[in-house]
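Notes follow the structure.
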Amino acid sequence: ESMSYTDNLADELFLDLQVELSNDEEGGSFSESLLKQKIKSAIREVRDKRRYPFGYTDGMIAQDLDRYYSQIRNLALYDYNSIGFEGESQHSEDSIQRTMVDRNTLFAGIIPLATI
């Protein structure tokens, strides 16, 4: 069975984020399955925002998505870190306060392809 165009990107993102999240100093538990799901969702969102024209091959899409590695990584990390307080812009717990950036800013630079 051939790998989809997102598999290699998802694997690379998972390995990078796994290292970062498993060294979390706050002592939170790390969930591989949740991280993989957040990566998959982030890749799909960026792919949907790009609106690939008919005729784009899997290879062309893979090459294009690779250009947005940082944005996909940031989306997956943002979504993973916001588990438990989705929809909140601020969260306070045990004298720790978090203020989340607007998630839409993470899509900066991702514009749909022009179609003729």
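Values quoted throughout were computed directly from the atomic coordinates according to the rules given, and no laboratory measurement underlies them. In this text the structure is predicted, and so the values were computed from the model without any measurement. Ideal geometry is used to build each Cβ from the backbone, glycine not excepted, and the neighbour counts take in all protein chains shown.
For every other residue with a beta carbon closer than 12 angstrom to the beta carbon of ASP64, add +1 if it is Lys or Arg and -1 if Asp or Glu, then tell me the sum.
Charge balance near ASP64 sits at +3.
State the extension gain, in nm to one decimal, for the chain segment bounded by ASP11 and GLN37, taking 0.36 nm per residue of separation less the distance between their alpha-carbons.
Values: separation 26, 0.36 × 26 = 9.36 nm, distance 1.17 nm.
So the extension gain works out to 8.2 nm.
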